[in-house]
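Student: The structure under discussion is supplied below as structure tokens; questions concerning it will follow.
The values are calculated or read from the model by the stated rules, or taken from the named source; none is laboratory data. Keep in mind it's a predicted model, so treat the numbers as computed, not measured. Here Cβ is always computed from backbone atoms with ideal geometry, including for glycine, and neighbour counts include all displayed protein chains. In case anyone asks, the SASA skips ligands and DNA or RNA and just uses the protein heavy atoms, side chains included. Shrake-Rupley method; radii C 1.70, N 1.55, O 1.52, S 1.80 Å.
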Amino acid sequence: MPPKTNYLKISPKALAITLGILTAIGTFILGIMPIVFNGWGKTMILEISSVYIGYRPGFLGAIIGAIWGFIDGWVGGYL
């Protein structure tokens with residue numbers, strides 16, 4: 001008789017939330033980098049802002065980018 005194996009399945013909801021949170025954190029940190037490091041990453045933020053509307057260097061732009069990043073990471077993780 002073959003041994004019973006219990007394979008753990010990845011929950012799509014858990015993966016979606018995890019990737020959403022990680023993407024939001026990364027996007028937020030990138031958004032505040034120009035403040036902390038005198039302009040570092042500004043060009044990358046301007047490129048990403050062509051997809052994430054309202055994302056720009058600075059604290060408010062970083063929050064907007066984190067919201068977009070969470071949505072983007074959530075959808076990608078769920079799919």
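Student: Mind jotting down a quarter of the surface of the convex hull over the alpha carbons of the chain, in square nanometres, one decimal?
Tutor: Result: 6.7 nm².
Student: May I pose another question? Each residue of the range 49-64 in order: what ³J(HN,Hα) in whole Hz does its phi give by Karplus 6.51 cos²θ - 1.76 cosθ + 1.60, θ = phi - 60°, with x for Gly and Pro?
Tutor: 5, 6, 9, 9, 5, x, 7, 8, x, x, 5, 5, x, 5, 5, 4
Student: Would you mind working out the accessible area per residue for the chain, using a 1.4 Å probe, and quoting it in Å²?
Tutor: Each residue of the chain exposes 75 Å² on average to a 1.4 Å probe.
Student: Now a separate question. Within the range 1-43, report the chymotrypsin sites (Phe, Trp or Tyr not before Pro) that DSSP leaves as loop and that have at most 10 other Cβ atoms within 10 Å. If you can, show how the numbers build up before the last one.
Tutor: Values: sites: Tyr7, Phe28, Phe37, Trp40; in loops: Tyr7, Phe37, Trp40.
Passing both the DSSP loop test and the Cβ count: Tyr7, Phe37.
Student: Considering only protein heavy atoms and a 1.4 Å probe, what is the carbon-and-sulfur percentage of the accessible area of the chain?
Tutor: Carbon with sulfur: 72 percent of the solvent-accessible area.
Student: Can you compute the modelled spin-label distance between Leu79 and Lys42, with each label point 7 Å from Cα toward Cβ, in nm?
Tutor: Label at Leu79, label at Lys42, 3.3 nm between them.
Student: Also, I was wondering about something else. In deg cm²/dmol, rounded to 500, what helix-only [θ] at 222 nm does the chain give when every DSSP H run of at least 4 residues adds -39500 (n - 2.57) and the total is split over its residues?
Tutor: Details: 3 runs with 52 residues, N = 79.
Helix contribution divided over all residues of the chain: -22000 deg cm²/dmol.
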